[in-house]
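The values are calculated or read from the model by the stated rules, or taken from the named source; none is laboratory data. Nothing here was measured: the structure is a model prediction, and the numbers come from that model. In this analysis, Cβ positions are derived from the backbone assuming ideal geometry, glycine residues included, and neighbour counts consider all displayed protein chains. With ligands, DNA and RNA removed, areas are computed over all heavy atoms of the protein, side chains included. Shrake-Rupley method; radii C 1.70, N 1.55, O 1.52, S 1.80 Å.
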Amino acid sequence: MSPDPTPRLAVHRSGHGPDLVLFHGGMGSWKHWVRNVEALGARFTVHALDHPSYGDSATVPRETTGAQYLDLVHALLLEALPGRAPLRFAGFSFGAAIAANMARRLGPRVSHLAIISPGGFPTRKFGERPIKSYKEAAGDERLFREICRHNLLVNMLSEPASVTEDTLDIQVACVRRARFNSRKVSGGGTLLVDLAHLRGGEVTTPLTCQVRLLWGERDDSPFRPANLLIGEIREAVGALDVHRIPGAGHWSAYENAPEVNRLMLEFFSS
């Protein structure tokens with residue numbers, strides 16, 4: 001019998017140097033980092049993940065809870081990166097909540113944690129997101145791409161010019177291969193607890209790993225109030241190394257990749 005060709009955790013590796021793990025956002029895949037892996041790979045061995053039930057990774061049961069999902073990612077991450085070699089993590093949105101949780105679990109093995117416009121805050125009702133349902137396309141490919149364009153400009157990118165045909169190709173593929181409800185983690189309330197744990201629960205206690213927060217200057221809306229959320233992270237970690245990314249919305253690693261790459265390379269090389 002031939003082995004199952006679908007990996008439980010697909011890992012797209014490139015580059016050379018110390019290990020750097022990239023955790024993508026909701027409705028995503030490793031291609032959330034498509035404009036970053038080459039630059040990062042010049043100094044690091046980049047492990048860009050497809051989380052379980054995303055991209056090329058195997059599907060998890062629909063009833064999987066957020067806590068069970070994090071347990072699974074932890075187990076699969078240890079399989080993919082066994083041993084005690086130091087790790088650097090970067091996580092975007094949903095992936096930032098995962099990365100912070102993995103950093104908490106792996107303790108001193110994780111030396112650096114970069115979180116980019118993270119999810120993982122407690123579920124609260126802010127303003128309504130004017131998104132459209134993908135089901136509205138009803139099999140119409142042109143309409144599906146237009147809905148992807150609309151939702152990218154609501155949730156992810158700040159300028160219409162940022163949404164090229166290549167961008168849409170990435171989004172269409174990601175949406176169609178997303179098989180887990182990321183809100184189970186993104187709205188699970190783990191982020192602040194995990195970040196506080198990295199400093200031992202006391203503001204005066206040094207962090208067990210370095211933490212840098214990147215947040216798009218335009219990632220600020222009635223449904224995602226930047227100052228409030230950044231303030232909550234600052235309260236969790238104490239002194240906060242935070243950088244607002246100019247000309248970028250939520251997906252700043254794509255919309256202003258040169259600046260995000262510069263800040264990540266600077267941070268992970270420190």
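Among the residues making up segment 1-15, those that are at negative phi and in contact with a helix residue (DSSP H, G or I) (Cβ under 7 Å, 6 or more places away or on another chain) are ARG8, LEU9, VAL11, HIS12, SER14.
All conditions in (1) within 21 Å of GLY119 (Cα to Cα); (2) surrounded by 15 or more Cβ atoms within 10 Å (Cβ to Cβ) hold for ARG129, with the sole exception of (2). Note on segment 12-30: residues that are more than 15 Å from PHE180 (Cα to Cα) and either among the small types (Gly, Ala, Ser) or surrounded by fewer than 20 Cβ atoms within 10 Å (Cβ to Cβ) (or both) amount to 8. Evaluation of ARG105 against the conditions (1) assigned to a helix (DSSP H, G or I); (2) within 20 Å of the chain's Cα centre (by Cα); (3) surrounded by 19 or more Cβ atoms within 10 Å (Cβ to Cβ) shows that the sole unmet condition is (3).
Note on segment 69-102: residues that are farther than 17 Å from SER14 by Cα and over 18 Å from the mean Cα position of the chain (by Cα) total 8. Whether any residue in segment 51-69 is open to solvent by less than 40 Å² (accessible area, probe 1.4 Å), outside any loop (DSSP other than H, G, I, E, B) and out of contact with any His (no Cβ under 8 Å at 6 or more places or on another chain) is what I want to check. Yes: segment 51-69 contains one or more residues that are open to solvent by less than 40 Å² (accessible area, probe 1.4 Å), outside any loop (DSSP other than H, G, I, E, B) and out of contact with any His (no Cβ under 8 Å at 6 or more places or on another chain). Taking segment 180-262 and the helices (runs of 4 or more DSSP H) fully enclosed by it, the elements with 2 or more residues that are acidic (Asp, Glu) are at 226-237.
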